[in-house]
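Worksheet: the structure to be examined is printed underneath.
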Amino acid sequence: MIEANTYKDLLNEELLERVQKNPSYSKRAFAKLLGLSPGALSEILNGKRKLTQKAALKISKALGYTHAEIEKLKEMIFQENEGIEVEKQEAKKVKTLNSDYSFIISQWYCFGILNLVQTKNFRWDNSWIAKRLGISIFEVKMAIEKLVKAGLVNFSGKKYEIINDVIETTQDLPSKAIKSFHQSMLEKGISALHEQKVEEREISGVSFCIDSQDLKKIKNEIRDFQDYLSGKYNKNKNADDVYHLESVFIKVSQ
């Protein structure tokens, strides 16, 4: 199901998905798949050329879209080409999850960049950021573009500036984006178990029995603990690394 708000976002996310599966995948290969010239695709992705309904049908076929997804793409093209402005949410200090932020939520490195900015010796350099987070330059560019669009980062034309680094999601909201984020972090945890030195990580756990009536209180206490740790150690002027605390409290009995 299409979650993007514009066809530009849609195509960028389709390309990103392929780059994540195969880091050597190129924009030229993606253009060939869609039946477009590399130049035309670049102009569409950069917002310099509008996508036609005819090209949309070709793209839909190449990407294997369902009838509903084709209609959604047609609607995006109509809104863009007719100049119908999609309503934008007013920027707030704490933002609530909606479709505009689904990409940022689902891709862990968006938050990685927001936190990396706060470390000493940080550089607004795509190659430097990509190396520090272990991602591709394309992923860095895509993430920064999304952060700017969401109002979390401002670009004055000369430099970038963090406006807000907090997005609040409704607690216990079943969301594909949220699930994707936590899955990515759990997978990174598995990698860290084998690749990082014990001195660089803390992976431990304890099993115990509870009264199921206490579950809500336990979940709140876990969240309070997370807030306590981040409040105490976050944004230290001597910060030089980005860490992530992923709490896992699950039922193992049936």
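The values are calculated or read from the model by the stated rules, or taken from the named source; none is laboratory data. No experiment lies behind these values; they were computed from the predicted model shown. Note that each Cβ is placed from the backbone with ideal geometry, even for glycine, and that neighbours are counted across all protein chains shown.
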Name, by its number, the condition in (1) at pLDDT 85 or above; (2) assigned to a loop (DSSP other than H, G, I, E, B) that does not hold for E87. (1)
Look through K95, K131 and report the one residue that is of a type outside the set (F, W, Y) and modelled with pLDDT of 90 or more. K131
Which condition number does T169 fail, the rest of (1) within 23 Å of Q20 (Cβ to Cβ); (2) at pLDDT 90 or above being met? (2)
Expected single match for within 19 Å of H182 (Cα to Cα), among the aliphatic types (A, V, I, L, M) and in contact with a helix residue (DSSP H, G or I) (Cβ under 7 Å, 6 or more places away or on another chain) among V248, V242, V252 is V242
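For every residue, the table says whether it meets (1) within 19 Å of R18 (Cβ to Cβ); (2) in the same structural domain as N12 (by TED's automatic domain parsing); (3) out of contact with any strand residue (DSSP E or B) (no Cβ under 7 Å at 6 or more places or on another chain); (4) among the aliphatic types (A, V, I, L, M).
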site: L34; (1), (2), (3), (4): yes, yes, yes, yes
site: N46; (1), (2), (3), (4): yes, yes, yes, no
site: L51; (1), (2), (3), (4): yes, yes, yes, yes
site: K61; (1), (2), (3), (4): yes, yes, yes, no
site: E75; (1), (2), (3), (4): no, yes, yes, no
Listed by first then second residue, the pairs whose first member lies in the stretch 191-213 and is in contact (Cβ under 8 Å) with a residue 12 or more places away in the chain, whose partner is part of a loop (DSSP other than H, G, I, E, B), with beta carbons under 8 Å and at least 6 positions apart or on separate chains, are G205/V248; S207/V252
Just to be sure, is L147 outside any loop (DSSP other than H, G, I, E, B), under 30 Å from L10 (Cβ atoms) and in contact (Cβ under 8 Å) with a residue 60 or more places away in the chain? no
Within the stretch 197-246, how many residues are surrounded by 10 or more Cβ atoms within 10 Å (Cβ to Cβ) and among the polar types (S, T, N, Q)? 5
For the stretch 1-52: of the residues being part of a helix (DSSP H, G or I) and polar (S, T, N, Q), which is surrounded by the most Cβ atoms within 10 Å (Cβ to Cβ)? N12
Residue match in the stretch 158-165 (condition: over 30 Å from S24 (Cα atoms), loosely packed, with under 14 Cβ neighbours inside 10 Å, in contact with a strand residue (DSSP E or B) (Cβ under 8 Å, 6 or more places away or on another chain) and among the acidic types (D, E)): yes
Only one residue in F122, F208 is in a loop (DSSP other than H, G, I, E, B), at pLDDT 80 or above and within 29 Å of N236 (Cβ to Cβ). Which one? F122
